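Structure record follows, encoded as structure tokens.
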Amino acid sequence: MNNIKIAPTVLHPVIPNNSYVYIETYGCQMNVNDSEVVVSILRNHGYGYTEKADEADIILINTCSIRDNAEQRIWGRLREFAAYKKQKPSLIIGVIGCMAERLKEQLIEKDKLVDIVVGPDGYRSLPELVKNAESGQKGVNVLLSREETYAEISPVRLDKNGVTAFVSIMRGCNNMCSYCVVPYTRGAERSRDSHTIIEEIKELMAQGYKEVTLLGQNVNSYFHKDENLNFAQLMKKVAELSPELRVRFATSHPKDLSDELIDVMAAYPNICKSIHLPAQSGSTRMLQLMNRKYTREWYLERIGAIKKRIPGCSISTDIIAGFCTETEEDHQQTLSLMREVGYEFAYMFKYSERPNTKAARTMQDDVDDETKTRRLTEIINLQNTLSLESNKRDVGKTFQVLVEGVSKRNPEELFGRTSHNKVVVFPRQSFKPGDYADITIESCSSATLIGK
Ligand code: 5AD
Ligand code: SF4
């Protein structure tokens, strides 16, 4: 989910003011969706969209602060754009997203390159800031909002496979995990009203989309006060739109994984049987230091509840290696948790201290880098084994696959996903993107199922 860089694929023809924007996205899927909102906002003000940075009049970088290496990559990219600006002094460069709030002074003052800095809640002000920048005035808006959900803005789908789409349903995060910068960069939790969510999904269905992923930093704590509507109830509404529409969601916090949600998932065949439920660590001592609000036992109880009510449900996780004071024993607990759950998939990271978080303020980043790397490698190796074992269990079985597109490696093959979120590659035959195909699995690697 992290450090995704999207390659925009469509060129929009409407260019009344003859200025083109190019946008490059880093970080999570929420950021990818935010870029689509940004393009929509600018488009409504007459700006065209280009997929080529060297043709753009405005270059925006939608940034991520989650780990130091994410930020370093983006600084590097900004230096590359300096070369463009030398050749074309009228070029406007904007930094938007999570780094904006954290690094506004540095971006605007020290780094003379940047004209506009806008945080995740300020995108509606972009047209005005771009206009000011066109007359040479630099602009910053990093105010966080308690209300902004961009509810009625219809995102321009940039990563256009025409089959699967992401729909943001809530923003921000109240959890205050001690290692995490997100509550500071994206602000407090707020949920979007269900009417605009349903409208957006209906619009997607009318365009032929077959799968939606409901998105939020903490998606299952969705709660709309005025409608008295929780996440399980929203999922039900979405699932009932059409049995042909697949529904997924990301990312869940274990503390909000209710029995009600598990029951809704079990009841609707079109809700995909896969849950991303980041554990972060298998050691209760670490979980407490991380302020995760659950213990190892409590997490395993939730996993048990999922497996009981949704047999075969695929479970994935995020793991952090080498958080403050982590001992060898804590690390072994993480490995044993991974084995006990038998994750299908995991995103795995070395702990990276983020300025101003609770961990940075009150704890010592005292696990040396060599140890972090070694532990991370052990975690990755174990996950590869678990993924391969899980995939081997699927060989010989038949799954309904939603076809997403042509395989990159072989134009004679298509790829798609099972309900369990596993990628399947299979011969093209007469299928096309958007079809549901029943595919029997013949072999596998740790990352892919191969079928016919
Ligand atoms: N260092 C390393 N990984 C982190 N994550 C969040 N903050 C940090 C950090 N400071 C990971 C968590 C989270 C995922 C999106 O990124 O695992 O679930
Ligand atoms: Fe990165 Fe987190 Fe911001 Fe997403 S919310 S872009 S992962 S810092």
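The values are calculated or read from the model by the stated rules, or taken from the named source; none is laboratory data. On a predicted model such as this, the values are computed, not experimentally measured, just so you know. Using ideal geometry, Cβ is built from the backbone for each residue, glycine included, and neighbour counts are taken over all protein chains shown. The area values use the complete protein model at the heavy-atom level, side chains included, leaving out ligands, DNA and RNA. Shrake-Rupley method; radii C 1.70, N 1.55, O 1.52, S 1.80 Å.
Its residue count N fixes a reference of 2.2 N^0.38 Å for the stretch 225-299, and the Cα radius of gyration divided by that reference is 1.29. Based on the alpha-carbon gyration tensor of the stretch 164-257 and its eigenvalue square roots a ≥ b ≥ c, which shape applies: rounded if a/c is under 1.5, prolate if not and a/b is larger than b/c, or oblate? Note, shape of the stretch 164-257 comes out prolate.
Dipole size of the stretch 34-182 about its Cα centre, with +1 on Lys/Arg Cβ and -1 on Asp/Glu Cβ: approximately 280 debye, rounded to the nearest 20. Of the complete DSSP H runs in the chain, those spanning 15 angstrom or more by Cα along the long axis with a mean Kyte-Doolittle score not below -0.5 are 29-44, 194-206. For the chain, the list of Cys residues with no other Cys C-beta under 4.7 Å reads Cys28, Cys64, Cys98, Cys173, Cys272, Cys313, Cys324, Cys444. In percent, rounded to a whole number, the relative contact order of the chain is 10, using alpha-carbon pairs under 8 Å and six or more apart.
Overall shape: oblate for the stretch 314-354, with the ratio a/c of the largest to smallest alpha carbon gyration tensor axis at 1.5 or above and b/c at least equal to a/b.
Inverting the pair-averaged 1/r between distinct Cα atoms of the stretch 408-452 gives 10.7 Å as its Kirkwood hydrodynamic radius. The Cα atoms of the stretch 68-130 give a gyration tensor whose axes a ≥ b ≥ c have a/c of 1.5 or more with a/b no greater than b/c, which makes the shape oblate. The order of Trp298, Trp75 by accessible area, most exposed first and with a 1.4 Å probe, is Trp298, Trp75. Three principal axis extents describe the C-alpha atoms of the stretch 82-194; from largest down they are 45, 38, 23 Å.
Taking every Cα-Cα distance in the stretch 168-209 and sorting them into 10 Å bins starting at zero, the pair-distance distribution P(r) comes out as 27, 33, 23, 16, 1 percent. D by Stokes-Einstein for the chain, Kirkwood Rh over Cα pairs, 37 °C, 0.692 mPa s: 142 µm²/s. In the frame of its principal axes, the stretch 367-452 has Cα extents of 54, 24, 19 Å, reported largest first.
Remark: the stretch 130-212 carries 42 Å² of accessible area per residue (probe radius 1.4 Å; ligands, DNA and RNA excluded). Exposure check, 1.4 Å probe, all protein chains in place: Ile153 carries approximately 20 Å² of accessible surface. Over all Cα atoms in the stretch 348-390, the spread is summed up by Rg and Dmax: 13.8, 41 Å.
Just for the chain, what percent of DSSP beta bridges are antiparallel, to the closest 5? Please list the in-between numbers first.
On the way: 22 of 65 bridges.
Rounded to the nearest five, the antiparallel share is 35 percent.
Sorting the Cα pairs of the stretch 262-390 by distance into bins of 10 Å, from 0 upward, gives 12, 42, 31, 13, 2 percent per bin. Within the accessible area of the chain, the carbon and sulfur atoms contribute 50%, probe 1.4 Å, all protein chains present.
For GluC sites (Glu not before Pro), the sites in the stretch 382-435 that DSSP calls loop and that have at most 13 other Cβ atoms within 10 Å are Glu412.
Just in the stretch 208-311: which GluC sites (Glu not before Pro) are loop by DSSP and have at most 15 other Cβ atoms within 10 Å? Mind dumping the intermediate values first?
Numbers: sites: Glu211, Glu227, Glu240, Glu244, Glu260, Glu297, Glu301; in loops: Glu227, Glu240, Glu244.
Of the GluC sites (Glu not before Pro), the ones in loops of the stretch 208-311 whose Cβ has at most 15 other Cβ atoms within 10 Å are Glu227, Glu240, Glu244.
Give, to the nearest whole percent, the P(r) tail of the stretch 31-102 beyond 17 angstrom, counting all Cα pairs. Value for the stretch 31-102: 48 percent of Cα pairs lie more than 17 Å apart. With θ taken as phi - 60° and the Karplus curve 6.51 cos²θ - 1.76 cosθ + 1.60 applied, the whole-hertz 3J(HN,Hα) list for the stretch 136-146 is x, 9, 6, x, 10, 9, 10, 5, 9, 10, 8 Hz, x standing for glycine and proline. Note that the stretch 315-389, at 37 °C in a medium of 0.692 mPa s, gets a Stokes-Einstein diffusion coefficient of 255 µm²/s from its Kirkwood radius over C-alpha pairs.
In a DSSP loop and with at most 10 other Cβ atoms within 10 Å, there are no GluC sites (Glu not before Pro) in the stretch 331-374.
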